[in-house]
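Novice: Pasting a structure below so you can have a look.
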Amino acid sequence: METPVREPTFLLLTALAGEPVHGYGLIAEVGRLSEGRISLRPGTLYGALDRLVDAGWVAVEREETVDGRLRRYYRLTETGGEQLAAETERMRRNVEAATARLRAAKPAPRLNGRLA
């Protein structure tokens, strides 16, 4: 059985699902996707990206120099897309199970001001 990916990894893969993104763009996108809950530091980001590249889930798309600094763009690989899809499905099943249990509870608890 595959170990579920941690939320920051899931959000990095999600951020890369559309188009190639450079490092600082990934930091911003993970912040947006998590509604500010997760704030990646550059050292953490690049360590995670190195692990994802080593795993074959992410690849370097291209490099360019901007203002004298190297900017590396990353993309999701086919294997990374498969991993993201599998993790998304696992999470969807968990949400379905939790939602069904909450609906069966009496009285029905409220989630964010709405009935479950």
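The values are calculated or read from the model by the stated rules, or taken from the named source; none is laboratory data. None of the values given here were measured: they were computed from a predicted structure. Cβ placement follows ideal geometry from the backbone for every residue including glycine, while neighbour counts extend to all protein chains displayed.
Novice: Return the total of residues in segment 18-56 being small (Gly, Ala, Ser) and closer than 10 Å to residue 74 by Cβ.
Specialist: 2
Novice: Separate question: Name the residues in segment 6-46 that are part of a loop (DSSP other than H, G, I, E, B) and crowded, with 19+ Cβ neighbours inside 10 Å, would you?
Specialist: Across segment 6-46, the qualifying residues are 16, 40.
Novice: Next question. If I go through segment 51-97 residue by residue, how many of them are touching a Lys or Arg at 6+ places or on another chain (Cβ under 9 Å) and loosely packed, with under 13 Cβ neighbours inside 10 Å?
Specialist: Residues meeting the conditions: 5.
Novice: Give me the residue from segment 59-78 that is touching a residue at least 24 places away in the same chain (Cβ under 8 Å) and not aromatic (Phe, Trp, Tyr) and, out of that set, nearest to residue 7 (Cα to Cα).
Specialist: 76
Residue-by-condition table, conditions (1) basic (Lys, Arg); (2) over 15 Å from residue 11 (Cβ atoms); (3) touching a strand residue (DSSP E or B) at 6+ places or on another chain (Cβ under 9 Å):
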{"site": "32", "(1), (2), (3)": "yes, no, no"}
{"site": "52", "(1), (2), (3)": "no, no, yes"}
{"site": "61", "(1), (2), (3)": "no, yes, yes"}
{"site": "87", "(1), (2), (3)": "no, no, no"}
{"site": "96", "(1), (2), (3)": "no, yes, no"}
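Novice: Give segment 62-80 a look and list any residue that's at pLDDT 95 or above and among the acidic types (Asp, Glu), or say none.
Specialist: 78, the sole residue that qualifies.
Novice: Kindly list, by first and then second residue, each pair from a residue in segment 1-22 that is under 21 Å from residue 61 (Cβ atoms) to a residue that is in a loop (DSSP other than H, G, I, E, B), limited to pairs with Cβ atoms under 6 Å and residues at least 6 apart or on different chains.
Specialist: Close Cβ pairs (under 6 Å, with a partner that is in a loop (DSSP other than H, G, I, E, B)) amount to 8/38; 11/34.
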